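Step one of this worksheet: look at the structure below.
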Amino acid sequence: MNRSFSTIAVAAVGLLASAIAGVPSGRQAQGAQADSAAVVAVVDGYHRALSNGDTATALSLLATDALILESGDVETRDEYLSHHLSADIEFAKAVPSGRGPVRVALRGDVAWAVSTSRTRGVFRGRTIDSQGAELMVVAREQGGWKIRAVHWSSHATRPSR
């Protein structure tokens, strides 16, 4: 067997093993980084839209079939718009919230983004000091990445021990 054929065969076996094991190639890794960054941009953009009172931008980032899960309820995008998007905007504008890093997992054209937050301030005369967790499912569509589902949960900040 000649040397160049052996080198090609070893390289081919290595690429096949990497593909089977799920190890991304350099190009795949760059694409995954770009996709992760795009997903984070959508999540950040959604929060920015809420804080800025920008209903149009917030809605443009939600897929038409998006579901919002919060406080034990599930709402469609339209129900969310008519029930409490305006209250979420009012809250986001009034009470500062610091979010931790967004962790993104990708599987093809679907990603899930997880983050935590700490919110402190006063809203409608009530003192707020809470910790929150957020899960967003984001999917690639023709127009870019869109939020398909949001799940929020929070609890009062527990005293340090």
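Just so you know, all these numbers are worked out from the coordinates, no wet-lab data involved. Keep in mind that this is a model prediction, so the values were computed, not measured. Neighbour counts run over all protein chains shown; Cβ positions are idealised from the backbone, glycine included.
Dipole orientation for segment 31-156: of the candidates T55, S86, I128, I128 has the Cα lying most toward the positive pole (charges on Cβ; Lys, Arg +1; Asp, Glu -1). Extending 7 Å from Cα along the Cβ direction at A32 and again at R48 yields two label points whose distance is 2.7 nm. Here's the picture: a label point sits 7 Å out from the Cα of A94 along the beta-carbon direction, and within segment 46-67 the residues with their amide nitrogen under 17 Å of it are 50-54.
Stretching E70 away from A41 to a fully extended chain increases their span by 8.2 nm, per 0.36 nm per residue minus the current alpha-carbon distance.
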